[in-house]
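Worksheet for the structure shown next.
The values are calculated or read from the model by the stated rules, or taken from the named source; none is laboratory data. What you see is a predicted model; the values in this text were computed from it and never measured. Backbone-built Cβ (ideal geometry, glycine too); neighbour counts: all protein chains shown. Note: accessible area is taken over every heavy atom of the protein model, side chains too, but ligands, DNA and RNA are not part of it. Shrake-Rupley method; radii C 1.70, N 1.55, O 1.52, S 1.80 Å.
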Amino acid sequence: MSCYVQHCNECNIAICKAETNTDGITYYHITVNIGDVTWSVQKRYKEFLELHKKLVNEHTVTKDILPGKKIIGNKDPNFIEIRRVGLEIYLQTVLSFLQKSMPEELLEFLEFHKYDVILIVKKLAVEFFKNGDDYLLNDNGFNFNVLLLYAISERLKLPCPDSENNEYNFSHVLDFCSKFKYLAIKGGNHYVGTSNIIYNKLSFELSSFKNVNKFECYNIAYNMIYNLMTLRNTVRIITVYNSKLRTPEDILLCDNVHKEWSYDMDSSMIWNKVKVVDFSWNEISTLKSLTVLTPNVKTINLNGNLLNTIEDLSPLSYLSHLSLSSNNITEVSNLHTKLGNVICLNLSSNKISNLEAFSKLFSLEMLDLGSNLVEDIDQLQHLSGLQNMNYLVLSGNPVSTVVDYRIKVLGILKKNTSDFCLDNERPTQKELDTVAIMHAIKVAKEGKTLFDR
């Protein structure tokens, strides 16, 4: 990122080329360099003329240093090249003359407001000064990207005084951040505008956010975050999508030097208030660290990761909803000792074929096993003792193609009321009647009476 205040002596400007489009309009391609940061700007001659008038009137720039107009022959390539050189000399001369004061007109012309830390923060200050209260009333009202957070983080390090103009005061930004409750951050591996700045190569910290209860990240580089401490005290919902997390601690301990968890973690690193964890669509292969880092979590969503088994989550005594769809889970065992009192379990789009491990999940109310590899209808016997289960998905399994599949499943599970939902459909009265008849026939064949049952 650019910071003209720190690198004013390293500012260079060149006009590398001029291009005339199909409409006959010529644009001059300006390249701006501030330290290691580079970006390009396209301007027409008339924009140079407008800038020059302002600089002459308000900043005592010499009137005759701008290349003059030409009505006839201004499309001639030789003339355009001569003008390009002249405009380049003009910008370099103006920059040298105004290097210390750097007026807003010149900064805006060269688009510093898109890439300079101070100007980005000033723009934010004005926005929050005018609309901050409205954003705070609407939880989804303002989205931060990595560029904005980087600018805020860098501005915190600068010793420069605040602006005399109240609208530009950095305090408006800090005040807004300290009250904001829904922090959503968007990153990316693409360039910022026309610059050589890549979003996910910008580091940032979040110490200014002191009341966030919902924290979301999309396509970020977690290793570029270097302070999460205040969030650990307030966040209740944490969501990180498409950020190539390999383990939960990649984000939960991203500001920890060692980034390793242990059963005797420093209490300041624990996310005690987190109730919902959603790390879907990453590259996570283990979730064991959640038992320590988020001890009070109620809902865990790790869809679309690389899990191949279900680990022991029994220390999470409040865990009630677990979603591990679209992983690589093939075999599961002793789930009743690993999942405690989970009432909603989503294991759809995995590779599970045996259901024996589910037989003692007596607290289970909802089970999604859609798009797995269950073939044998008799596997459903393992679910027959789950009296609290009122929702089951098996569609997408080979077993769902069995003749009279729904009738057989309802019969095996002894579900004889419309309260039960199979594959997102409640039983019809005809299905319930058929199940009742089949059950009566079975009882008769076994020679039982009403008193025997």
**Fill in**
Subset of the range 171-200, residues surrounded by fewer than 20 Cβ atoms within 10 Å (Cβ to Cβ) and within 26 Å of residue 133 (Cβ to Cβ), comes to 171, 174, 175, 178, 179, 181, 182, 184, 186
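For the range 164-194, name all the residues that are under 23 Å from the mean Cα position of the chain (by Cα) and closer than 21 Å to residue 31 by Cβ.
Going through the range 164-194, the residues under 23 Å from the mean Cα position of the chain (by Cα) turn out to be 173-174, 176-193.
190, 191, 192, 193 - these are the residues of the range 164-194 that are under 23 Å from the mean Cα position of the chain (by Cα) and closer than 21 Å to residue 31 by Cβ.
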**Request:** Return yes when residue 365 is open to solvent by 60 Å² or more (accessible area, probe 1.4 Å), in contact with a strand residue (DSSP E or B) (Cβ under 9 Å, 6 or more places away or on another chain), of a type in the set (D, E, K, R) and at pLDDT 95 or above and no when it is not.
**Result:** yes
**Request:** Please work out which residue is modelled with the highest pLDDT, limiting yourself to the range 1-12 and to residues that are surrounded by 18 or more Cβ atoms within 10 Å (Cβ to Cβ) and either out of contact with any strand residue (DSSP E or B) (no Cβ under 9 Å at 6 or more places or on another chain) or within 17 Å of residue 193 (Cβ to Cβ) (or both).
**Result:** 3
**Request:** Note down all Cβ pairs under 6 Å where the first residue falls in the range 414-430 and is farther than 16 Å from residue 394 by Cα, the second is open to solvent by 100 Å² or more (accessible area, probe 1.4 Å) and not in a strand (DSSP E or B), and they're at least six residues apart or on different chains.
**Result:** 418/426
**Fill in**
Flagged in the range 368-406 as β-branched (Val, Ile, Thr) and either open to solvent by less than 10 Å² (accessible area, probe 1.4 Å) or touching a Ser or Thr at 6+ places or on another chain (Cβ under 8 Å) (or both), in numbering order, are 374, 393, 399
**Asked** Looking at (1) of a type outside the set (Asp, Glu); (2) without any contact (Cβ under 8 Å) to a residue 40 or more places away in the chain; (3) at positive phi, which is the one condition that is false for residue 68?
**Response** (3)
**Message:** Just the residues that are within 25 Å of residue 181 (Cα to Cα) and either open to solvent by 10 Å² or more (accessible area, probe 1.4 Å) or assigned to a strand (DSSP E or B) (or both), please, taken from the range 293-307.
**Reply:** 295, 296, 298, 299, 300, 301
**Item:** Members of the range 206-220 found to be open to solvent by 20 Å² or more (accessible area, probe 1.4 Å) and touching a helix residue (DSSP H, G or I) at 6+ places or on another chain (Cβ under 9 Å), listed by number
**Value:** 207, 210, 211, 219
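Would you mind finding the one in 33, 57 that is outside any helix (DSSP H, G or I) and of a type outside the set (A, V, I, L, M)?
Numbers: 57 fails: outside any helix (DSSP H, G or I).
Within the list 33, 57, the selection yields 33.
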**Request:** Only residues in the range 368-384 that are over 14 Å from residue 422 (Cα atoms) and of a type in the set (D, E, K, R) count as the first member; pair them with residues that are part of a loop (DSSP other than H, G, I, E, B) and open to solvent by less than 30 Å² (accessible area, probe 1.4 Å), Cβ under 9 angstrom, at least 6 apart or cross-chain, and list the lot.
**Result:** 375/397
**Prompt:** Which ones in the range 39-65 are closer than 18 Å to residue 15 by Cα, open to solvent by less than 40 Å² (accessible area, probe 1.4 Å) and touching a residue at least 40 places away in the same chain (Cβ under 8 Å)?
**Reply:** 39, 41, 43, 45, 48, 51
**Asked** Can we say residue 409 is among the β-branched types (Val, Ile, Thr), part of a loop (DSSP other than H, G, I, E, B) and open to solvent by less than 30 Å² (accessible area, probe 1.4 Å)?
**Response** no
**Complete:** Residue pairs qualifying under the 7 Å Cβ cut-off, at least six apart or on distinct chains, with the first in the range 165-190 being more than 27 Å from residue 238 (Cβ to Cβ) and touching a residue at least 24 places away in the same chain (Cβ under 8 Å) and the second being of a type in the set (D, E, K, R) and surrounded by 15 or more Cβ atoms within 10 Å (Cβ to Cβ), are 168/122; 170/155
**Cross-chain or 6+ apart pairs with Cβ under 7 Å, the range 235-246 first and more than 13 Å from residue 280 (Cβ to Cβ), then among the acidic types (Asp, Glu) and assigned to a loop (DSSP other than H, G, I, E, B)** = 246/283
**Message:** If the requirement is being open to solvent by 10 Å² or more (accessible area, probe 1.4 Å), in contact (Cβ under 8 Å) with a residue 40 or more places away in the chain and out of contact with any Asp or Glu (no Cβ under 8 Å at 6 or more places or on another chain), which of these qualifies: 203, 267?
**Reply:** 203
**Asked** Among the candidates 201, 275, 210, 179, which residue alone is basic (Lys, Arg) and over 22 Å from residue 157 (Cα atoms)?
**Response** 275
**Prompt:** Given the residues 359, 325, which is the only one that is crowded, with 19+ Cβ neighbours inside 10 Å and under 21 Å from residue 421 (Cβ atoms)?
**Reply:** 325
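So which of 280, 285 ends up being closer than 22 Å to residue 331 by Cβ, part of a loop (DSSP other than H, G, I, E, B) and either hydroxyl-bearing (Ser, Thr, Tyr) or touching a residue at least 60 places away in the same chain (Cβ under 8 Å) (or both)?
Residue meeting the stated conditions: 285.
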